[in-house]
Every structure is written in structure tokens, then in C-alpha cells.
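The values are calculated or read from the model by the stated rules, or taken from the named source; none is laboratory data. In this text, all values refer to a predicted model and were calculated from it rather than measured experimentally. Neighbour counts run over all protein chains shown; Cβ positions are idealised from the backbone, glycine included. Only protein heavy atoms, including side chains, enter the accessible area calculation; ligands, DNA and RNA are left aside. Shrake-Rupley method; radii C 1.70, N 1.55, O 1.52, S 1.80 Å.
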Amino acid sequence: MPLSPESFPFSLDLLPRTAYMVGGAVRDALLGRTREYLDLDFVLPSNAVKVARKIATHYKAGFVLLDPQRQIARVVFPHATADFAQQEGDSLETDLHRRDFTVNAIAYSPYTQEIIDPLGGSADIERRIMRMVSATNLEDDPLRLLRAYRQASQLGFSIEPDTQSAIRALSSHITKVAAERVRVELNYMLANSRGTPWLKIAWEDGLLAPFFKEATEESFTKLAAVDNAALELTQAWQQLGKELGQYVRDTIKTTILGIAKLACLVSPDPQAAETQLQALTYSRAEIKAVTTALRLFPQLKTFPLSLREQYILFQEAGFVFPAIAVLAVAYGILVEAVAPLISRYLNPDDLVAHPITIVNGKELIIALKIPASPLVGKLLTEVAVAQLEGKISTPAQAIEFARHLLEGEN
């Protein structure tokens, strides 16, 4: 068993002998998969929360009471998370029979190294298939319907035919699940190319239509095209590939590549797309990123862009530019047309993509004796473009240039 108690973030002495490890960590250990960040789940016949609190106190670790009714608590260490749950039913086997898939219904005793596998999960791991424990268990928590596709994509497994048939029959139940839980599963599959075929299968099986009402077969063709475009651009510009893998923000677990993919699934109309993403509880930052990508990527069809057009594009795109570039290529815009823009974006010294302002809005307001208004932003844009075109190079020239523009407006 690759996952031994020596790798736990706490001493085995603090864990009762009646505790068993269950779930993904056991499955991954049997697969020989290792993780830098450990995510452990333990089942205890009693005192689960009490044990979790004791471990958290001993190590001065984070403690979160996840579910007081079902007695589930989490202890958060710097490089690991450990969940402790009260056993469901009167035995460990009863608890395992209430789980989602056989590969996740295997228990391991860290004291005896014994494997408890009443549902043949180990054999299904060897066959690399996702098999349901029962259709009733899937219906009890319909998120499990979507989780089958997510785990299949992450593990490189297939879904056993009877299980897939049951998921199709129960697909309408997905709307009972809290939208934020659906969003988390989606983001796992949007993050890399392995998830793309599974997103399509999930859509064909009726699980995604309630959330992406305008998605069509073509939408999923475009998802695959985004993956291909990302690979092509990453091979040419490694740094762009790194940025595609970055999260929108540290606290928001949607990647820039995920933003490009979401843009393929929602309505091409930014306002309608915003409504669809709000329903899935995406954040304002994520929604703005998707709508910005939808609005701007068609502009790359006009080739070449003038300096003014490039400057305004970069100003509006910001960190979303890599998603815009990938979408453009996925939708048939030639790499040669996008290449100069990518080179500018990746060059921190490029003044078109990363301008250094010689005058700010406050300075214009004071020098020109004008109120704060959208006009100030327009003047700043014109000043920046004039700077790029070599017409001005000092703050004094910038103010004088803006003064002439203002007089022309009047």
C-alpha cells in the first residue's frame, strides 16, 4: 500500500484503532497515484468530531465542522486535509454500501494494513471502470451523477454501461443539486483536455443541458478546438501555456483555459452568457473574464490591427488575453494573425500591451480644470495612443495634446 501511516500529517497514536481510511486516497494508493497535497478521509464508528478536534488542537491545525448532524469535521494542515466522519449505519460494510462508486467504497486500516472491499472496487480499479454501488445511492445525492464523468476524466477510466444507463435515467435530478457544487465539478473538467470528451458525454447524457441551454454539438467541437489551439500556442510560446493554467484569482479555481472553454458553452451574447454563469454561481471576476473574451476575440479577425486598436484591445483584455488568443485560433483565425499580439503581450517592456503612462487622470483634471468624468478616460486613451505613435513623449506634451483635443471637442 503506497499510502502508509508514515505519510499522514498526524501521529497514528491520535487515531482510534477502529478508524478506517476510505474514499479517493485509498483508491489512488491502489492505483499507485501519488499527490503532493494529501486529501484523506477517515470513518469512525463514534466520536468522529471529537477525534478531529483533538488532532487539530494537538497540531494547532485548522478545524472546520462540516456537518454537525452527520458528524463530519475537517482538519487542515499546511500540506494536507483530513476529514473525519461518523460511520453511516451499524457497521463499516453498511457505510461502504452507501457510497457512490465501487472504486470509492474501499476501506483501509492504517493499523493492520487490511483492505476491506465488499463491493469489488479493487477489481474495478484494475479494469479501470467506474461502477455505481446502486442507482438509489446516485439518486440520494444527484451530484454523484456528474462526479462519475469528472472522476472518469481524472483517472482515465470508462463508465460501466449499466451505470451510464442509470445516470441517463436519473439525469433530470441534477437540477436538485446546489449550483456551486455543479460548478466545482465542471471546473475540474474544464481545466485540461482530458475533461473535454467527458463534458460532451455528460451533455449527451442530459446532465449539462439545464445549465448550458444554448450548447449544441458544435459547442463541444469548439471545446476540442480550444484544447488543440492551446496546445499549438503553448508549443510556440511556453509562457502563454503557463498563463492558461493560472487561476483567475488565487481564491477562484477557474483557469484561464477554463474561461475560454466556458465561452464555448454559454450564449455568444455576453449579456445572456452573464445570466447563465450567474445561475451557476460563478463570481463577478469569472463572468467578466468570459464576457470579455466573447466580446473581444472576434476583433482579431481584422488583421492587422492598428496601434490604436491593439492598445485598446490590450487595455480591455487585461489578464484574459491568453483566453482570447486561444479562442481566436479555435474559431479559425490564423496563428500568424495572432502571433504579433501574443509576442507583445508576453513582452513586459512592450508599450502597446503594457503602456507606461506619462500623465494620469488626476493630473489632467488639475491641469485642464475639468471635472472627473468619462471624458478623462477618453483623453487618457488618446494621450496613450499619441505616445505610442511617437507624437508626444513628456508629461507637458501630453497635457498640451489633451488641451487641444478638449478645445476641438468644444
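Could you give me the residue pairs with C-beta distances under 9 Å whose first residue belongs to the range 254-271 and is modelled with pLDDT of 95 or more, whose second residue is part of a loop (DSSP other than H, G, I, E, B) and buried (at least 24 other Cβ atoms within 10 Å of the Cβ) wherever it lies, and which are 6+ apart or on separate chains?
LEU262/TYR282; LEU265/LEU208
Of all residues in the range 53-70, which are within 13 Å of ASP13 (Cα to Cα) and among the hydrophobic types (A, V, I, L, M, F, W, C)?
Matches in the range 53-70: ILE55 only.
May I ask you to verify whether GLN113 is surrounded by fewer than 18 Cβ atoms within 10 Å (Cβ to Cβ) and in contact (Cβ under 8 Å) with a residue 12 or more places away in the chain?
yes
From the residues in the range 13-30 that are open to solvent by 40 Å² or more (accessible area, probe 1.4 Å) and in contact (Cβ under 8 Å) with a residue 24 or more places away in the chain, which one is nearest to ILE125 (Cα to Cα)? Steps first, answer last, please.
As a first pass, look at the range 13-30 and keep what is open to solvent by 40 Å² or more (accessible area, probe 1.4 Å): 13, 16-18, 20, 30.
Pick out the ones that are also in contact (Cβ under 8 Å) with a residue 24 or more places away in the chain and you get 16-18, 20, 30.
Values: PRO16: 28, ARG17: 27, THR18: 25, TYR20: 19, LEU30: 8 Å.
If we take residues in the range 13-30 being open to solvent by 40 Å² or more (accessible area, probe 1.4 Å) and in contact (Cβ under 8 Å) with a residue 24 or more places away in the chain, then LEU30 is nearest to ILE125 (Cα to Cα).
List every residue pair whose Cβ atoms sit under 6 Å apart, with the two residues 6 or more apart in sequence or on different chains, where the first one lies in the range 188-208 and is in contact (Cβ under 8 Å) with a residue 40 or more places away in the chain and the second, anywhere, is aliphatic (A, V, I, L, M) and in a loop (DSSP other than H, G, I, E, B).
Final answer for the pair search is ALA202/LEU208.
Have a look at ALA107, ALA85, ALA19, ALA73 and point out the one that is of a type in the set (A, V, I, L, M) and closer than 20 Å to ARG131 by Cβ. Walk me through how you get there before you give the answer.
Numbers: ALA85 fails: closer than 20 Å to ARG131 by Cβ; ALA19 fails: closer than 20 Å to ARG131 by Cβ; ALA73 fails: closer than 20 Å to ARG131 by Cβ.
Unique residue meeting the criteria: ALA107.
Give me the helices (runs of 4 or more DSSP H) completely within the range 90-197, filtered to those with at least 1 residues that are of a type outside the set (Ser, Thr, Tyr) and within 30 Å of VAL326 (Cα to Cα), ordered by residue number. Steps first, please.
On the way: elements: 92-96, 121-127, 135-140, 143-155, 161-170, 179-190.
Qualifying helices (runs of 4 or more DSSP H): 143-155, 179-190.
Could you run through the range 279-310 and say how many residues are open to solvent by 30 Å² or more (accessible area, probe 1.4 Å) and small (Gly, Ala, Ser)?
Residues in the range 279-310 being open to solvent by 30 Å² or more (accessible area, probe 1.4 Å) and small (Gly, Ala, Ser): 3 in total.
Residue by residue through the range 204-224, note down the ones that are open to solvent by 50 Å² or more (accessible area, probe 1.4 Å) and in a helix (DSSP H, G or I).
Residues of the range 204-224 that are open to solvent by 50 Å² or more (accessible area, probe 1.4 Å), as a first pass: 204, 213-214, 216-218, 221.
Within the range 204-224, GLU204, GLU217, GLU218, THR221 meet the criteria.
Could you tell me which of the residues PRO322, PRO298 is assigned to a helix (DSSP H, G or I) and touching an Asp or Glu at 6+ places or on another chain (Cβ under 6 Å)? Explain how you work it out, then say what you get.
On the way: PRO298 fails: touching an Asp or Glu at 6+ places or on another chain (Cβ under 6 Å).
Criteria check complete, one pass: PRO322.
Does the range 49-68 include one or more residues that are in contact with a strand residue (DSSP E or B) (Cβ under 6 Å, 6 or more places away or on another chain), within 29 Å of GLU126 (Cβ to Cβ) and of a type outside the set (Phe, Trp, Tyr)?
No.
When the residues of the range 40-89 are narrowed to those that are assigned to a loop (DSSP other than H, G, I, E, B) and among the polar types (S, T, N, Q), which ends up surrounded by the fewest Cβ atoms within 10 Å (Cβ to Cβ)? Walk me through how you get there before you give the answer.
In the first step, residues of the range 40-89 are kept if they are assigned to a loop (DSSP other than H, G, I, E, B); the result is 45-47, 60-61, 68-71, 78-79, 87-89.
Filter again for among the polar types (S, T, N, Q), leaving 46-47, 69, 71, 87.
Working: SER46: 11, ASN47: 16, GLN69: 6, GLN71: 20, GLN87: 21.
Here the residue is GLN69.
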